[in-house]
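Every number here is computed from the coordinates shown, using simple stated rules; none is lab data. Bear in mind the structure is a predicted one, so any value in this text is a computation, not a measurement. Here the Cβ positions follow ideal geometry from the backbone for every residue, glycine too, while neighbour counts run over all protein chains shown.
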Amino acid sequence: MNFATTSKQIEDAYALAQERYAAIGVDTEQALATLRGVPISLHCWQGDDVLGFEEPGRGLGGGLMATGNYPGRARTVAELRSDLDIAYSIIPGNHRLNLHAMYPDTDESPARNEIEPRHFQGWADWAKENGRGIDFNPTLFSHPLAEDGFTLASYDNDIRQFWIQHCIACREIGSFFGKELGTPAMTNIWIPDGLKDTPGDRTTPRRLLKDALDQIFEKEIDPNHNRDAIECKLFGLGSESYVVGSHEFYLGYAAQNNQALCLDAGHFHPTEVISDKISACLLFVSELVLHVSRGVRWDSDHVVTFSDELQAIMQEIVRGDHLDRVHIGLDFFDASINRVAAWAIGTRNSLRALLLALLEPRESMQEIERSADFTTRLALMEELKAMPHAAVWDYHCLQQDVPVGMAFMQEIRQYEKDVLSLRD
Ligand code: RNT
Ligand code: ZN
């Protein structure tokens with residue numbers, strides 16, 4: 001298979017595409033300028049199957065599951081950073097890192113309720129060197145005190161307090177990253193709390209959770225350094241019948257407390273989509289965090305592909321002019337394929353979908369809709385799918401000095417040979 005293209009072919013194809021888009025009133029240069037300014041937050045946990053770097057032997061809990069045993073999982077901070085560096089180097093643009101609290105960079109073994117910024121200094125240094133922002137997540141799973149399935153909504157006050165302290169510590173770490181890196185961290189709380197079978201009391205755990213969140217967010221933190229988000233979920237493995245932090249719960253909480261809401265694409269009913277929620281939620285909450293993911297039959301966290309829903313998510317952000325209030329992050333973990341390739345494929349797809357959305361003649365499309373000419377709207381939307389956006393994407397990759405098309409797989413294979421295959 002030889003996908004080799006020369007720069008001249010790419011530039012020529014782009015010039016033709018630029019003319020085609022100009023003819024429908026779309027400025028490709030402007031679309032690319034916007035695209036260059038949008039960071040995607042890459043989730044660190046794709047690199048090591050969500051295991052983290054605390055005590056060895058702690059399995060993945062909280063009803064999360066990574067399946068597959070492809071060789072080359074990152075086992076140390078150094079390995080994970082090296083893998084991330086490769087991923088970033090084959091993705092056009094400058095992107096963020098979404099870090100979890102169970103990935104400290106330290107020889108100490110701080111308890112989760114005692115983690116401090118200094119345990120994450122290495123990440124801040126690395127991010128600074130590379131000009132990246134960092135987002136952060138408390139880890140309320142894969143821990144002995146999360147084993148009975150309840151954390152912030154636990155009836156056991158000691159357990160609840162432990163996790164409250166953990167979240168408070170995480171906000172400080174988020175704030176530290178924000179200060180160090182000059183860009184606010186979105187610190188996102190997700191908890192696994194829920195029940196496998198029909199609860200006798202759905203109310204009390206939700207009351208407890210609300211109270212725990214009030215304690216966690218009591219201290220005001222400069223939004224230039226840290227902003228808080230909360231992530232809802234419909235069900236999980238072992239919490240099929242009841243999840244304390246449901247959509248209504250967190251939407252209400254975020255709206256009431258002026259906080260960011262995190263929408264994960266896999267956290268709703270199988271035919272329910274987050275693309276339709278963006279415009280509604282943003283009327284009531286200040287900001288959204290997205291966990292772009294792909295559920296296959298359930299919340300399976302498959303690598304993000306160029307699906308209709310991925311395109312719809314990006315279209316909604318662009319059509320509604322919401323780019324400044326939506327923080328795009330990824331959340332998938334596939335252990336059955338090369339993990340660095342998984343990052344690259346999912347992130348490149350997300351950016352490509354964003355580009356496709358930026359290449360729409362938004363104003364004329366909306367004008368046509370306002371005039372109730374739904375026939376033309378449908379015809380236009382279908383024609384747009386076959387416009388030469390791939391030529392614009394290739395040109396973008398060329399300009400950003402990253403591999404064009406399948407060429408990124410050559411780098412992946414080389415890295416696999418030199419580095420990943422040597423790990424056991
Ligand atoms: C779990 C949530 C959560 C996690 C990460 C690891 O269902 O999606 O975002 O995937 O915190
Ligand atoms: Zn998520």
With the 8 Å Cα cutoff and a minimum separation of six or more residues, the range 249-321 has a relative contact order in percent of 32
Here the longest stretch of the chain that holds no chymotrypsin sites (Phe, Trp or Tyr not before Pro) in a DSSP loop having at most 14 other beta carbon atoms within 10 Å is 4-154
Over the Cα atoms of the range 300-352 the radius of gyration and the largest Cα-Cα distance (Dmax), both in Å, equal 12.1, 37
Excluding residues fewer than 8 positions from residue 277 in its own chain, the lysines with Cα under 29 Å of it are 196, 210, 233, 385
One can check that the equivalent ellipsoid of the chain, built from the alpha-carbon gyration tensor with semi-axes equal to the square roots of five times its eigenvalues, has lengths in Å, largest first, of 36, 27, 19
If the chain between residue 8 and residue 364 were fully extended at 0.36 nm per residue, the gain over the current Cα-Cα distance would be 124.9 nm
In the chain the DSSP beta bridges are antiparallel at a rate, in percent to nearest 5, of 15
With the 8 Å Cα cutoff and a minimum separation of six or more residues, the chain has a relative contact order in percent of 21
Each label sits 7 Å from Cα toward the beta-carbon; between residue 401 and residue 325 the label points are separated, in nm, by 3.7
Counting only DSSP beta bridges fully inside the range 159-261, the antiparallel percentage to nearest 5 is 30
Note to self, the chain gives a 222 nm [θ] from helices alone (DSSP H runs n ≥ 4, -39500 (n - 2.57) apiece, / all residues, nearest 500) of -13500 deg cm²/dmol
Between the alpha carbon centres of the range 188-267 and the range 57-81 the gap in Å comes to 25
Square roots of five times the C-alpha gyration tensor eigenvalues of the range 271-424, ordered largest first and given in whole Å, equal 32, 20, 13
Checked the range 258-324 with the C-alpha gyration tensor, a ≥ b ≥ c its square-rooted eigenvalues, rounded below a/c of 1.5, otherwise prolate if a/b is larger than b/c and oblate if not; verdict prolate
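With a/c under 1.5 counting as rounded, go ahead and sort the range 151-310 into rounded, prolate or oblate using the C-alpha gyration tensor (a ≥ b ≥ c being the square roots of the eigenvalues; past the cut-off, prolate if a/b is larger than b/c, else oblate).
The shape class here is oblate.
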As straight-line cross-link partners of residue 219, the qualifying aspartates and glutamates (C-alpha separation under 18 Å, not fewer than 8 residues apart within one chain) are 114, 116, 172, 211, 228
